[in-house]
Amino acid sequence: MKSSQVLLAAAALGAAFVTTVSAASSVPNLRSAVARNRHVVVVYSLGDLMPGRILVATRAQTAPNGKLLKANVRLNEQLTGTKVANGYRMRTRHTLGTGRYYVQVSGVVVGLDCTPKKPCKTDWSNVRRVVSK
């Protein structure tokens, strides 16, 4: 009788932990992306994630993990931002040539078990198209 109660309590605790972890890792959302003076300007939200990277690529193809393919990436910068009403706003430091590009941002799940050999999980946003003139 006692062992079944302990087992039931452990199962409930495990379910609560899984629910907490999944709620903490919300997917990044790229709300808007435009090209201004050949810089990319984005507005994004990360939920509980820490800022990761902003990628700008020539094609919208993604890898199985959701990240834009490295071969197509033209800009890869640290994601920073200024707080605005619906998230954070950032302008890239580097400029683009004229053309059509695809933009994506990432957020990093922060955990206590992240090490250099086992880095924290990175979540990738939706992809948005911009045209640089």
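The values are calculated or read from the model by the stated rules, or taken from the named source; none is laboratory data. Predicted, not measured: the structure shown is a model, and the values here were computed from it. Cβ sites come from the backbone with ideal geometry, for glycine too, and all protein chains shown count toward neighbours.
The table that follows gives values for the structure above.
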{"quantity": "Flag for VAL42 being on the phi < 0 side of the Ramachandran plot, surrounded by fewer than 20 Cβ atoms within 10 Å (Cβ to Cβ) and aliphatic (A, V, I, L, M)", "calculated": "no"}
{"quantity": "So MET50, is it at pLDDT below 95 and either closer than 16 Å to PRO28 by Cβ or acidic (Asp, Glu) (or both)", "calculated": "yes"}
{"quantity": "Matching residues in the range 104-133 - criterion: being surrounded by 13 or more Cβ atoms within 10 Å (Cβ to Cβ) and within 16 Å of ASN37 (Cα to Cα)", "calculated": "VAL130, SER132"}
{"quantity": "Among residues of the range 88-122, those that are at pLDDT below 95 and either in contact with a strand residue (DSSP E or B) (Cβ under 7 Å, 6 or more places away or on another chain) or not aliphatic (A, V, I, L, M) (or both), counted", "calculated": "14"}
{"quantity": "Residues satisfying the stated conditions in the range 45-75, i.e. among the aliphatic types (A, V, I, L, M), touching a Phe, Trp or Tyr at 6+ places or on another chain (Cβ under 9 Å) and buried (at least 18 other Cβ atoms within 10 Å of the Cβ)", "calculated": "LEU46, ILE54, LEU55, VAL56, ALA57, LEU68, LEU75"}
{"quantity": "Which listed residue is under 19 Å from the mean Cα position of the chain (by Cα) and of a type in the set (Gly, Ala, Ser), from GLY87, GLY99", "calculated": "GLY87"}
